[in-house]
Every structure is written in structure tokens, then in C-alpha cells.
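The values are calculated or read from the model by the stated rules, or taken from the named source; none is laboratory data. No experiment lies behind these values; they were computed from the predicted model shown. FYI the Cβ positions are ideal-geometry reconstructions off the backbone, even for glycines, and counts take in every protein chain you see.
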Amino acid sequence: MHNILCFSSHYRMEIPLKTAVATDSNSGITKAEAEKLGIYVLPMPFIIDGEEYFEEINLTQEGFYEKLLGGAEVHTSQPSPEALTAFWDDILKDHDEVVYIPMSSGLSGSYQTARMLSEDYDGRVFPVNNQRISVTQRSSVLDALSLCDKGAEGKDILKILEEDKFNSTIYIMVGTLEYLKKGGRITPAAATIGNMLKIKPILQIQGEKLDAFAISRTVNGGKQIMINAIKKDCINRFGSLDPDNVIINAAYSNNKESAGEFLDEIKASFPGFDIYSAPLSLSVSCHIGPQSLALTATKRLKV
């Protein structure tokens, strides 16, 4: 089971770190990147037409969207207690402790399960309720690695990341209303009218859950709404719109070409920023569908 349910690397440094950093695949961190960074990633499970799949094990991004667009019944799930404890046990063979950063507790029960199971590990496992998802969750993982390199222990990393948990923001422009209707977030009538009018909803994630934010009649208008919202958050919530103060990233769902065009627009709107763009977490894409674009901001952690 250990080999099936986790992918990782022990070799970021010549000597294994005292504190390991782990996350789940909702962070968007791939096998290759996990190997490079020296972290551990637990693949998230999905139930598709009654069968269980694991992200990047037997379910690729392409395969996920092929099934979703083909009308399959796709449901998110959380790792089983057995998979999670096997994952931790494998890590603790080579480390004294592990900081585990799952997806936001507002979007899944994964954190609550991890917190309960960690009580059996005598203070060696530190689940972090960091309220992040996708590229913002990835930023938390990188922060944890940086803190490890500075000699911070698991309990200290947990405290720092949880104190920082609401210092991020995500805006997502939905490409189709079909999946919001399917998930019961909007009525069939509202979806029909919205599709006729070509309405583009903009959703937000402010840690706890996916909420409505704004509506645009055009894609370009929706992009500008997100750009303006990020600028406002950086200044009003995070203190300044400065590359030394905030990280700005982008994400997308099954629309790489459109995402590339949006990335160019983001770079033009935020000169001096090093923008990272990646596929949106499949756990979010499951509920909003393909052809979505997202823009995020995260306050830089300074310790």
C-alpha cells in the first residue's frame, strides 16, 4: 500500500531532514516537483462512476476531464484513515516528525481526519489547518520547506502557518454553469438563463469555502474583475502591491491556451512579479468544470 498511495523523495539534502514536509495532490505539486523539492505528496482519491481513482497514480489531468466531459459521475473523496497513516508511517521511517499540509478544512474533511489520527503519533505528526488550496496551498508547502531549512521544528511550523492561514485569496471565473448546476450551487433555471446570456460567474475562496463574488457578461470583463479584486486585496488586506510583499499566481482548468493568454495579461497588469501558473486542483475543478481561469494572491511569509 505504501508504494501505491504516496510519491516522494528522500534526497533534497544528503542527510534526511529531521522534519519532513508533506501535503496532498490538491496542492498541484506533481511527482516530478515532489522529487525535486524533497517533499511527500498524498494523491487524492476520486470516485468516478463508482470506481476509485488516485490523482497522478491512475488518474491524469487529461483522463479526469475526459471522464468529466463524457458525463461520468465524478465525486471528490478524502484519503482513507488507512492510506493516511500508511503515508505518515512511510515518511517517519526516515524522519523524526512530519508537517502535513492538506487542503482547506473549509473545502474537505481531510484536515479533521488528519488531526484526529495524528493524536496516535505522540507528537510526531503536525497536521496544518492552513485554509489553502491549489497554488496557494503550494505556497504554504514552500514556506514550510523554507522554515525547515532555517531549523524550525514541526510545532513551530504548525503555529506559523496557521497564524498566516487567511493571508491568501483566490478568484475563479467559471467557464460553464453546467457543473455548478449539477452540484446544486445554482438552480437549473438560473443555469439555463445564465448560459443564454453567456454570464460568467466569478467565485472566490477566502479560506473557508467557495462563494459567489461577481458576475460578468464577457470573459474580458471577468478577467478585469479578478485583476482589480487582487489589486484591492493586496493593498487593503496584505499591506501593499509589491513583489517583496505578495505572491501572485494563476490557475486554470483544462484550457491551457486560454490560460497562457491570461497569464500574459496578468504579467502586464502586475509588472515586476514572477507569476506561476498551474492547473487548478481537480477537487475544485470537479465542482466548477473545465474552461475556468483563476487568479490568486498570497502574502509572503516573513519570519
query = How many of the residues in the range 206-228 are more than 18 Å from residue 259 (Cβ to Cβ) and either aromatic (Phe, Trp, Tyr) or crowded, with 17+ Cβ neighbours inside 10 Å (or both)?
reply = 5
ask   = How many residues are of a type in the set (A, V, I, L, M, F, W, C) and over 20 Å from residue 234 (Cβ atoms) if we restrict to the range 250-277?
value = 1
ask   = From the list 164, 244, which residue is modelled with pLDDT of 85 or more and over 20 Å from the mean Cα position of the chain (by Cα)?
value = 244
task = Would you please name the residue that is farthest from residue 76 (Cα to Cα), looking only at residues in the range 96-119 that are part of a helix (DSSP H, G or I) and touching a residue at least 12 places away in the same chain (Cβ under 8 Å)?
result = 118
remark   = Apart from one, (1) assigned to a loop (DSSP other than H, G, I, E, B); (2) closer than 28 Å to residue 62 by Cβ all hold for residue 294; the odd one out is (1)
task = Output the residues belonging to the range 223-275 that are of a type in the set (Gly, Ala, Ser) and under 25 Å from residue 61 (Cα atoms).
result = 250, 251, 253, 258, 259, 260
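Quick grid of which residues meet (1) at pLDDT 90 or above; (2) part of a helix (DSSP H, G or I); (3) touching a Phe, Trp or Tyr at 6+ places or on another chain (Cβ under 6 Å); (4) buried (at least 21 other Cβ atoms within 10 Å of the Cβ):
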{"site": "4", "(1), (2), (3), (4)": "no, yes, no, no"}
{"site": "13", "(1), (2), (3), (4)": "no, no, no, no"}
{"site": "16", "(1), (2), (3), (4)": "no, no, no, no"}
{"site": "21", "(1), (2), (3), (4)": "yes, no, no, yes"}
{"site": "35", "(1), (2), (3), (4)": "yes, yes, no, no"}
{"site": "47", "(1), (2), (3), (4)": "yes, no, no, no"}
{"site": "64", "(1), (2), (3), (4)": "yes, yes, no, yes"}
{"site": "82", "(1), (2), (3), (4)": "yes, yes, no, no"}
{"site": "86", "(1), (2), (3), (4)": "yes, yes, no, no"}
ask   = Counting only residues that are in contact with a Ser or Thr (Cβ under 7 Å, 6 or more places away or on another chain) and not in a helix (DSSP H, G or I), which one in the range 249-261 is surrounded by the fewest Cβ atoms within 10 Å (Cβ to Cβ)?
value = 250
ask   = Restricting attention to the range 120-143, which residues are basic (Lys, Arg), buried (at least 20 other Cβ atoms within 10 Å of the Cβ) and outside any helix (DSSP H, G or I)?
value = 132
ask   = If residue 283 passes every condition in (1) part of a helix (DSSP H, G or I); (2) closer than 21 Å to residue 198 by Cα; (3) of a type outside the set (Val, Ile, Thr); (4) in contact with a strand residue (DSSP E or B) (Cβ under 6 Å, 6 or more places away or on another chain) but one, which one does it miss?
value = (2)
ask   = So which of 264, 211 is within 19 Å of the chain's Cα centre (by Cα) and either assigned to a loop (DSSP other than H, G, I, E, B) or free of Cβ contacts under 8 Å to residues at least 12 places away in the same chain (or both)?
value = 211
remark   = Those residues of the range 144-168 which are free of Cβ contacts under 8 Å to residues at least 60 places away in the same chain, of a type in the set (D, E, K, R), surrounded by fewer than 16 Cβ atoms within 10 Å (Cβ to Cβ) and not in a helix (DSSP H, G or I) amount to none
message = So, in the range 58-82, how many residues would count as being among the small types (Gly, Ala, Ser) and without any contact (Cβ under 8 Å) to a residue 24 or more places away in the chain?
response = 3
remark   = (1) at pLDDT 95 or above; (2) touching a Gly at 6+ places or on another chain (Cβ under 9 Å); (3) not charged (D, E, K, R) all hold for residue 210 apart from (1)
